[in-house]
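First comes the structure, then the notes that go with it.
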Amino acid sequence: MPTSEGVSPWASVKGKWVGPVSAAGWVRFYSVVADLMQFIDLAAQQAIIKDKIDRCIQAVLSHGKYIMGPEVKELEERLASFVGTKHAIGYDSSRDTLFLIATVRLVLNCVN
């Protein structure tokens, strides 16, 4: 079994714990697992919508509004509709999003 300290990592093969496994062993283990798993073929998915992606990228390049352009407003409106809320906010990073959430919670706790 894996330890909380991570001193002697173990691997599970066909539902049975085996190990300990060295770092090189982990690389081989995950390489075998990756070969066995069927991943999503992103290239095939992109090929289906490639023309639309290219048109959208060209539209952004043409109008030059890389920040807060019409596509951002459309995305926020569609996300709000999808999750069933009045508003949605697009944010540039997870860290800034978490900071925004923490700030809002802090303000709401102070008001209530």
Count charges around Leu61 for me, please; just the other residues with Cβ under 12 Å from its Cβ, Lys/Arg as +1, Asp/Glu as -1.
0
How much length would be gained if the chain were fully extended between Ile40 and Ser93, taking 0.36 nm per residue of separation minus their Cα-Cα distance, in nm to one decimal?
16.6 nm
Total charge dipole magnitude, the stretch 58-112, about the Cα centre, Cβ charges on Lys, Arg, Asp, Glu only, Debye to nearest 20
140 debye
Taking amide H positions as placed 1.01 Å from N in the peptide plane, with prolines and chain starts having none, which residues 5 or more places from Ala88, or on another chain, fall under 5 Å of its amide H?
Ala80
Charge sum, other residues only, whose C-beta stays under 13 Å from Pro70's C-beta, Lys/Arg counted +1 and Asp/Glu -1:
-1
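A short reminder: the numbers here are calculations on the coordinates, not readings from a lab. Predicted model, so just to flag it, every value in this text is computed and none were measured. For neighbour counting, all protein chains shown are included, and Cβ atoms are generated from backbone atoms with ideal geometry for every residue, glycine included.
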